[in-house]
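**Student:** Before anything else, here's the structure in question.
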Amino acid sequence: QDGLKLCLSEFRQQLPWLERLDVTLGQVVDPVSPSASSKDAVDPENDFQREMSFYRQAQAAVLDALPRLRKLQVPTRRPDDYFAEMAKSDQQMQKIRQKLKSKQEAMERSERAKQLRAMRKYGKKVQTEILQRRQKEKKNMLNAVKKYQKGLSDKLDFLDEEQTLSQGNKKGSASQRMKKGPNAKRRYKNQKFGFGGKKKGSKWNTKESFNDVSSFRPKVAHNKGPGKAGKGGKKALNKRPGKRARQKMKSRAR
Amino acid sequence: GKWKNKERVLIFSSRGINFRTRHLMQDLRTLMPHSKADTKMDRKDQLFVINEVCEMKNCNKCIFFEAKKKQDLYMWLSNTPQGPSAKFLVQNVHTLAELKMTGNCLRGSRPLLSFDPTFDKEPHYALLKELFIQIFGTPQYHPKSQPFVDHVFTFTVTDERIWFRNYQIIEEDASLVEIGPRFVLNLIKIFQGSFGGATLYENPHYQSPNMHRRLIRLSVAAKFREKQQVKEVQKIKQKGSKVLIEGDPTEVVFETPAEEKPVEIQLVKPESKPIVKDKKKPRKIQRKKQKKLFRTEA
């Protein structure tokens with residue numbers, strides 16, 4: 001050990017700093033990084049951490065040395081018109097640039113492909129939605145036109161905007177059921193299959209209609225709810241009008 | 001200004017180096033304008049011959065690459081007339097030509113040298129630091145040098161080794177890009193004289209590559225031997241589980257030999273047996289009919 005120190009003292013050259021340009025510093029303390037910036041924590045096996053520690057050390061050295069150099073009036077920035085031979089030839093730099101560009105392009109291509117795939121899925125969904133909406137509108141329009149033709153409604157509102165089917169109260173019947181016109185089931189079927197009769201190929205047992213339990217009323221189903229007017233009302237609820245009455249109702253409601 | 005600090009470094013190698021080492025040497029020569037090249041040295045010459053070669057070329061520092069077994073690369077850094085020298089094992093060499101190193105610098109520009117604080121803590125590291133500064137630092141006003149300072153060499157001590165990196169300074173706020181070659185130096189010994197002399201320091205953590213390879217081979221062999229031993233033990237266990245039962249002497253007591261029949265030699269063919277029809281089994285055709293009915297019923 002002493003031999004080392006002796007040797008060092010003999011060997012050491014006393015030169016001004018400008019000749020040597022050496023900086024001995026630790027790393028730049030990075031406020032952002034949560035991990036310990038102390039040297040002891042650097043795991044040499046962890047490549048990224050190691051390289052980052054070297055980088056930070058170099059940064060610290062540069063940040064310390066550049067002001068000193070500037071004070072000593074040594075130029076650090078190369079003027080734009082200063083052309084000199086570089087350590088790596090232009091050919092080499094071209095190769096490097098090509099490689100970087102190809103990498104970037106590959107990444108972009110994959111990104112674009114991913115986006116296209118996502119767009120296609122979304123686009124398909126949107127398209128089907130739009131088509132369905134258009135078909136519905138067309139159907140409603142035709143129904144409204146037919147109603148007008150049949151003389152049920154003399155309003156020409158359907159030309160301007162969408163029209164909702166309004167059931168005219170032709171029958172001022174005491175029975176609540178009569179007031180409503182045809183049965184709810186009947187109304188639903190009219191709406192679905194329209195006035196032109198049963199349309200070919202209309203599915204009515206789809207997944208959505210099967211899963212749709214909104215029209216389930218437990219009290220009605222289990223026959224547990226209170227009747228319309230107690231016992232008597234129960235009977236009235238289930239009373240079905242005669243054939244003639246039913247036909248009249250049918251033609252009126254359309 | 002006038003070039004006062006007369007440092008000249010001789011960079012050369014022995015025979016038997018591979019392409020990577022050759023490229024590294026060339027890279028160092030381009031990065032250090034105060035360097036001189038020389039032809040390959042023959043292995044049979046002794047190392048102190050290098051001192052004479054340096055004197056002939058008027059150099060006072062030397063970087064000598066030595067390749068052994070076409071695998072291991074050793075580097076000598078020395079101050080030639082009388083100064084200290086150090087021998088390193090070089091690992092993980094990446095040259096300037098690698099496409100991942102995207103930086104560039106002026107050829108011959110003076111480098112900034114950045115050292116780890118560890119270099120000041122130990123005397124051997126302090127000596128090495130001084131050696132690095134004198135060798136790698138380009139003297140000011142050297143005729144081949146450029147006056148700008150645009151790159152920085154970093155020497156870091158990690159994992160008992162010295163890591164070397166070369167970065168280009170892009171912006172004044174110290175954004176850096178890696179340029180240059182990178183290598184790892186594993187210190188072996190420091191000598192008092194140039195390529196000889198008393199050993200000032202020996203690295204206790206150093207393991208020669210031969211030793212390293214030998215250890216790997218031994219560990220593999222040890223594993224194999226262990227497996228074999230386990231197999232042998234298993235074999236013995238299997239064999240050992242069979243208990244040897246002694247012969248029972250009382251076994252023979254009840255043995256009665258059978259009566260000997262006279263040996264009959266048949267000269268005439270025996271009569272053929274009459275074919276007895278099995279009435280219980282229906283005939284073939286009847287059996288088929290039965291099967292059909294069965295099938296139609298079912």
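The values are calculated or read from the model by the stated rules, or taken from the named source; none is laboratory data. Because the structure is a prediction, the values reported are computed rather than measured. Cβ sites come from the backbone with ideal geometry, for glycine too, and all protein chains shown count toward neighbours.
**Student:** Here are some residues: B:GLY137, B:GLY108. Which one is crowded, with 21+ Cβ neighbours inside 10 Å and closer than 21 Å to A:LEU63 by Cβ?
**Tutor:** Step by step, each of B:GLY137, B:GLY108 is checked, and only B:GLY137 is crowded, with 21+ Cβ neighbours inside 10 Å and closer than 21 Å to A:LEU63 by Cβ.
**Student:** Could you count how many residues in the range A:58-76 are within 51 Å of the chain's Cα centre (by Cα), more than 7 Å from every other protein chain (Cβ to nearest Cβ) and under 15 Å from B:ASP150 (Cβ atoms)?
**Tutor:** Qualifying residue count for the region: 0.
**Student:** From the residues in the range B:56-71 that are touching a Cys at 6+ places or on another chain (Cβ under 9 Å) and in a strand (DSSP E or B), which one is surrounded by the fewest Cβ atoms within 10 Å (Cβ to Cβ)?
**Tutor:** Taking the range B:56-71 as the starting set, the residues that turn out to be touching a Cys at 6+ places or on another chain (Cβ under 9 Å) are B:60-62.
Then keep just the ones that are in a strand (DSSP E or B); that gives B:61-62.
Numbers: B:LYS61: 23, B:CYS62: 26.
Only one residue tops the list, namely B:LYS61.
**Student:** Moving on. What's the total number of residues in the range B:72-88 that are surrounded by fewer than 22 Cβ atoms within 10 Å (Cβ to Cβ), touching a Gly at 6+ places or on another chain (Cβ under 9 Å) and either among the polar types (S, T, N, Q) or more than 7 Å from every other protein chain (Cβ to nearest Cβ) (or both)?
**Tutor:** Total satisfying the criteria: 1.
**Student:** Still on this model: Counting only residues that are small (Gly, Ala, Ser) and more than 7 Å from chain A (Cβ to nearest Cβ), which one in the range B:89-143 is nearest to B:LYS36 (Cα to Cα)?
**Tutor:** So the residue we want is B:GLY108.
**Student:** Something else about it: Taking into account only those residues within the range B:27-55 that are outside any strand (DSSP E or B), touching a residue at least 24 places away in the same chain (Cβ under 8 Å) and polar (S, T, N, Q), which is surrounded by the fewest Cβ atoms within 10 Å (Cβ to Cβ)?
**Tutor:** B:THR39
**Student:** If you check A:ARG187 against the conditions, is it modelled with pLDDT under 85, surrounded by 10 or more Cβ atoms within 10 Å (Cβ to Cβ), touching a Leu at 6+ places or on another chain (Cβ under 8 Å) and part of a helix (DSSP H, G or I)? Talk me through it step by step, then tell me what you get.
**Tutor:** Numbers: modelled with pLDDT under 85: yes; surrounded by 10 or more Cβ atoms within 10 Å (Cβ to Cβ): yes; touching a Leu at 6+ places or on another chain (Cβ under 8 Å): no; part of a helix (DSSP H, G or I): yes.
In short, no.
**Student:** Mind listing just one residue for me: the one in the range B:162-198 that is among the β-branched types (Val, Ile, Thr) and more than 9 Å from chain A (Cβ to nearest Cβ) and, of those, surrounded by the fewest Cβ atoms within 10 Å (Cβ to Cβ)?
**Tutor:** B:ILE170
**Student:** Just one of (1) surrounded by 11 or more Cβ atoms within 10 Å (Cβ to Cβ); (2) at pLDDT 65 or above trips up A:LEU237, so point out which.
**Tutor:** (2)
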